């Protein structure tokens, strides 16, 4: 009798091992674990437990000079390192990841629509691509201005075109909450309102999800591009605000594939970045660097990504 129980139990264990270890697992919403082994966050990803990286023998612990940070392996959704990653903080223009997501996923058949720019759309402070009242420009080009050059005028133009600012921001919050980012609340489509907040955990979740969209992925890794009004008469020269994409920048990182910069006085210098090297992808979130310089977020993010590739193996 005891032998029968033991044999049956062994069969169950073997079945579990085959299903969940030897075979890739693809699920919608999964708890992913950090290096401490704690189940922290829901993340909507294609998850493969065979791809979880392991520490190298010469593993060292990183120090990132920022108030909150997180580094994640994109393919396994495994957190390699984090510090204060659950604290709610203002996130500046990293908000625009969600702005783009709403347009790309809620209005996919409207990407080639032509938007007529109004004074209301561009009456906004901060970074812009210098849209003009009366200019006609495609939604696709507005997305490029949004994600490449971080145009606040493009963010508000998209929000006004797709139902108005208030309704659009509701869509942003609904979108990110639906993928598990429940500690995020947006107040505007550009990230200018510092009453909006997120966490490093949630930003990692949102960015990882966004990078599954081919158009988003292509735009955020673009270093430079010229876009035009629909009649071809108005030219906007876009240079990506992510310094890690530019060879002429001190903190250029050739493996960079995105994602989004941000700055307000309350949020400080922030950067969600991603890199791909030797077939592996890492995602970094650096929020509010202690060093108050325009290059600080790129400096810390590059250091973080390099640490990930140097200290983990697949």
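The values are calculated or read from the model by the stated rules, or taken from the named source; none is laboratory data. Fair warning: this is a prediction, and the values are worked out from it, not measured in the lab. Glycine also receives a Cβ, built like all others from the backbone with ideal geometry; neighbour counts cover every protein chain displayed.
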Residues within the stretch 77-96 that are surrounded by fewer than 22 Cβ atoms within 10 Å (Cβ to Cβ) and farther than 27 Å from residue 264 by Cβ, tallied: 1
Flag for residue 218 being outside any loop (DSSP other than H, G, I, E, B), without any contact (Cβ under 8 Å) to a residue 12 or more places away in the chain, surrounded by fewer than 16 Cβ atoms within 10 Å (Cβ to Cβ) and out of contact with any helix residue (DSSP H, G or I) (no Cβ under 8 Å at 6 or more places or on another chain): yes
Subset of the stretch 201-215 (residues that are assigned to a helix (DSSP H, G or I) and over 10 Å from the mean Cα position of the chain (by Cα)): 201, 214, 215
Counted residues, the stretch 258-300 - those being surrounded by fewer than 22 Cβ atoms within 10 Å (Cβ to Cβ), free of Cβ contacts under 8 Å to residues at least 60 places away in the same chain and farther than 28 Å from residue 125 by Cα: 4
Candidates 259, 285, 272, filtered to the one that is modelled with pLDDT of 95 or more and farther than 22 Å from residue 153 by Cβ: 285
Filter result for residue 232 (closer than 30 Å to residue 111 by Cβ and modelled with pLDDT of 95 or more): yes
Test: residue in the stretch 205-215 that is at positive phi and surrounded by 20 or more Cβ atoms within 10 Å (Cβ to Cβ): no
Residue in the stretch 147-167 that is in contact (Cβ under 8 Å) with a residue 60 or more places away in the chain, part of a helix (DSSP H, G or I), within 23 Å of residue 79 (Cα to Cα) and under 13 Å from the mean Cα position of the chain (by Cα) present: no
Selection status of residue 127, crowded, with 24+ Cβ neighbours inside 10 Å and in a loop (DSSP other than H, G, I, E, B): no
Every residue from the stretch 115-136 that is in contact with a helix residue (DSSP H, G or I) (Cβ under 8 Å, 6 or more places away or on another chain) and within 23 Å of residue 105 (Cα to Cα): 115, 117, 121
